[in-house]
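The values are calculated or read from the model by the stated rules, or taken from the named source; none is laboratory data. Fair warning: this is a prediction, and the values are worked out from it, not measured in the lab. Note: ideal-geometry Cβ built from the backbone for every residue, glycine included; neighbour counts use all protein chains shown. Areas reflect the complete protein model, heavy atoms only, side chains present, ligands, DNA and RNA absent. Shrake-Rupley method; radii C 1.70, N 1.55, O 1.52, S 1.80 Å.
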Amino acid sequence: MMSETISGGHLVAKALKAEGVDVIYTLCGGHIIDIYDGCVDEGIEVIDVRHEQVAAHAADGYARITGKPGCAVVTAGPGTTDAVTGVANAFRAESPMLLIGGQGALSQHKMGSLQDLPHVDMMTPITKFAATVPSTERVADIVSMAFRECYNGAPGPSFLEIPRDVLDAKVPLEKARIPQAGQYRASTRQLGDPEAVEQLADLLAHAEKPAILLGSQVWTCRATDAAIDFVRALNIPAYMNGSGRGTLPPGDPHHFQLSRRYAFTEADLIIIVGTPFDFRMGYGKRLSPTAKVVQIDLDYRTVGKNRDIDLGIVGDAGLILSAAAQAASGRIENGVARRKAWLDELRAVETAAYEKRLPRQHSDAQPIDPYRLVHEINEFLTEDTIYIGDGGDIVTFSGQVVQPKSPGHWMDPGPLGTLGVGMAFAMAAKQARRDKEVLCLFGDGAFSLTGWDFETMVRFDLPFIGVIGNNSSMNQIRYGQAAKYGEDRARIGNTLGDIRYGEFAKLLGGYGEEVRDPAEIRPALERARESGKPSLINVWVDPEVYAPGTMNQTMYK
Ligand SMILES: Cc1ncc(C[n+]2csc(CCOP(=O)(O)OP(=O)(O)O)c2C)c(N)n1
């Protein structure tokens, strides 16, 4: 009797299934179709997009939302190069995803086959692991290896290329290693050095004016509850950035946002959790020189990078915060209540900054003040709205005003600053969490990069609320040109057409509106919500005003 055989594409699907991946994002090509066939057998959904960049960003977004690795499958050559940006974004954002690229047949290696390129060489610097699958028997084995590598230290992307003959060939089932769910990789969560945790407890016991920054890894580690318990038990003001936003809900007595610079200048203990000292942190230069600085991170290479620290702990944010809170409990001199004056001081700074900006947020000006737009969005968000920002200046405005109401409900590209992530993140978020509402704020420039995938949202019935802050410009760049070269030379390379994106949405089968009156923003958002369709509310904002972050050029400092 002939033994049962299995092809490489079906082995890929079995390995994805074992990892719990229930969808792949893809754009087709002859090199990869056997993977689709395997997905049919394994019940894995295939979402086909209009550009490979979107497939890769969607895999990144899926990982962020679900905690499982995302997977994108693209063809050889241009399919893989198109996906590079998505992999690069996931690399800088520490997002675990697997990109599978096709490759010419091994039997035609270096003969000039269609779409042949050195993919592994290209991907090596922007992945945690990049390899060629050398034989059909090893396909599932190497896919599981790639997943294992995604979780080495801070998570990140892996890349595999599978030559066409390796993918298409069939091998006897018993010759292929097919790793089984839960049996091929271990948790990589680490507690951190217990002595360092003790030292942190000691610092916490003595601090008069502590402050904590909860970064993206708080969400990556699903350390929300541990972080909340920590700040409440020790009475510590918390600031949040990246995916850490929403850890505490707005209005929580320990939730602070607008007083961060003041707090980090005045504090005597600053705890940085799961975010690097990169440009978003002024490379660590803006912290009080006399404060004790503690850094907790999944990646040993991040701890102490760019500035000295008083204490570093490598490991899982949740395990470390819980252990430190427990070790510190009962040891705080005079109890945590004595920190009330410090929290009151920060709350006063916070309230003053908020009130100063409020008239702009309520502005009735036409064209619309971007502050009014982001204010309306913030008021519109519910506890179940996942908010995504994809743009330049308009998203810089939103970073100050929009506060996600729940953990894991904020998505931005991360430190690569990639325009064009929005549609893909919306796609992944809605696909993975049908019970959630998804709202994405786009700049018109950012939208244009990947906007055709609005059609994918329609085709797969993925309703979301798209809002475009339309200034017919790439304003964040325009500001710098005007400041450096003068207004008369400031319109080079950054001007966009006056596009009615609401009409574009309708053309593709979605819901769309044009908004020029600020009083119409809220009703238009409501109608988009009620439409149950992918939507675009095109809001014409004032092109002559800029966010403070843009004017200070903080992203370059
Ligand atoms: C892929 C990519 N290309 C270029 C840039 C550089 N860049 C940063 S902000 C910006 C302008 C974006 O314009 P838009 O999305 O319309 O937002 P606005 O600044 O006008 O509010 C550009 C081009 C980038 N960050 N990412």
Checklist entry - Taking only pairs six or more apart or across chains, which ones have beta-carbon atoms under 7 Å, a first residue in segment 199-227 that is in contact (Cβ under 8 Å) with a residue 12 or more places away in the chain and outside the structural domain of Gly156 (by TED's automatic domain parsing), and a second residue that is among the basic types (Lys, Arg) and not in a helix (DSSP H, G or I)? => result Ala201/Arg331; Leu203/Lys292; Ala205/Arg331
Item to check | Candidate set: segment 438-462, residues that are more than 17 Å from the chain's Cα centre (by Cα) and more than 16 Å from the ligand (Cβ to nearest atom); chosen: the one surrounded by the fewest Cβ atoms within 10 Å (Cβ to Cβ) | outcome: Asp461
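Each row is one residue, and each column tells you yes or no for (1) touching a Ser or Thr at 6+ places or on another chain (Cβ under 7 Å); (2) at pLDDT below 95; (3) under 26 Å from Ala58 (Cβ atoms); (4) in the same structural domain as Thr450 (by TED's automatic domain parsing).
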position: Thr85; (1), (2), (3), (4): yes, no, yes, no
position: Met97; (1), (2), (3), (4): no, no, yes, no
position: Ala105; (1), (2), (3), (4): yes, no, no, no
position: Met122; (1), (2), (3), (4): no, no, yes, no
position: Phe129; (1), (2), (3), (4): yes, no, yes, no
position: Ile142; (1), (2), (3), (4): no, no, yes, no
position: Tyr151; (1), (2), (3), (4): yes, no, yes, no
position: Val171; (1), (2), (3), (4): yes, no, no, no
Checklist entry - Is there any pair with a first residue in segment 397-417 that is open to solvent by 40 Å² or more (accessible area, probe 1.4 Å) and a second that is among the polar types (S, T, N, Q) and not in a helix (DSSP H, G or I) whose Cβ atoms are under 6 Å apart and which are 6 or more apart or on different chains, and what are they? => result Pro407/Thr247
Checklist entry - Do you know which residues across segment 262-319 are in a helix (DSSP H, G or I), open to solvent by 30 Å² or more (accessible area, probe 1.4 Å) and of a type in the set (Phe, Trp, Tyr)? => result Tyr262, Phe279, Tyr283
Next on the checklist: Among the residues of segment 120-134, are any within 16 Å of the ligand (Cβ to nearest atom) and buried (at least 24 other Cβ atoms within 10 Å of the Cβ)?
Outcome noted: no
Next on the checklist: With the requirement that a residue be within 11 Å of the ligand (Cβ to nearest atom) and farther than 11 Å from Leu439 by Cβ, what does segment 375-407 give you?
Outcome noted: Asp390, Gly391, Gly392, Asp393, Ile394, Val395, Thr396, Phe397
Next on the checklist: Being under 19 Å from Pro276 (Cβ atoms) and in contact with a Leu (Cβ under 7 Å, 6 or more places away or on another chain) is true for just one of Ala207, Ala223. Which residue is that?
Outcome noted: Ala223
Checklist entry - Which ranges mark the helices (runs of 4 or more DSSP H) fully within segment 426-522 that have 3 or more residues being polar (S, T, N, Q) and either in the same structural domain as Ile47 (by TED's automatic domain parsing) or in contact with a Lys or Arg (Cβ under 6 Å, 6 or more places away or on another chain) (or both)? => result none
Next on the checklist: For segment 497-542, which positions are open to solvent by less than 50 Å² (accessible area, probe 1.4 Å), among the hydroxyl-bearing types (Ser, Thr, Tyr) and over 15 Å from Leu441 (Cα atoms)?
Outcome noted: Ser531
Checklist outcome for this item: Selection from segment 463-481 of residues within 13 Å of the ligand (Cβ to nearest atom) and of a type in the set (A, V, I, L, M, F, W, C) yields Val467, Ile468, Met474, Ile477
Checklist outcome for this item: If you go through Asp344, Asp364, the only one that is exposed (fewer than 14 other Cβ atoms within 10 Å of the Cβ), out of contact with any Gly (no Cβ under 7 Å at 6 or more places or on another chain) and touching a residue at least 40 places away in the same chain (Cβ under 8 Å) is Asp364
Checklist entry - over 16 Å from the mean Cα position of the chain (by Cα), surrounded by 24 or more Cβ atoms within 10 Å (Cβ to Cβ), closer than 13 Å to Ile388 by Cα and at pLDDT 95 or above, is that true of Val421? => result no
Checklist entry - Residue check: is Leu508 touching a residue at least 12 places away in the same chain (Cβ under 8 Å), away from the ligand (no atom under 14 Å from the Cβ) and hydrophobic (A, V, I, L, M, F, W, C)? => result yes
Checklist outcome for this item: Listed by range, helices (runs of 4 or more DSSP H) wholly within segment 158-261 having at least 2 residues that are in contact with an Asp or Glu (Cβ under 8 Å, 6 or more places away or on another chain) are 164-168, 194-206, 216-220
Checklist entry - Does Leu106 qualify as being in contact with a Pro (Cβ under 6 Å, 6 or more places away or on another chain), within 14 Å of Ile162 (Cα to Cα) and open to solvent by 30 Å² or more (accessible area, probe 1.4 Å)? => result yes
Next on the checklist: Of everything in segment 44-103, what is within 16 Å of Leu462 (Cβ to Cβ), more than 14 Å from the ligand (Cβ to nearest atom) and not hydrophobic (A, V, I, L, M, F, W, C)? Give them in sequence order.
Outcome noted: Glu45, Asp48, Arg50, Gly61, Tyr62, Thr66, Gly70
Next on the checklist: Of everything in segment 373-390, what is outside any helix (DSSP H, G or I) and open to solvent by 20 Å² or more (accessible area, probe 1.4 Å)? Give them in sequence order.
Outcome noted: Thr382, Glu383, Asp384
Checklist entry - Which of the residues that make up segment 354-370 are of a type in the set (Ser, Thr, Tyr) and touching a Pro at 6+ places or on another chain (Cβ under 9 Å)? => result Ser363
Checklist entry - Pick from segment 26-50 the residues that are open to solvent by 60 Å² or more (accessible area, probe 1.4 Å) and touching a Cys at 6+ places or on another chain (Cβ under 9 Å): which of them is nearest to Gly8 (Cα to Cα)? => result Glu45
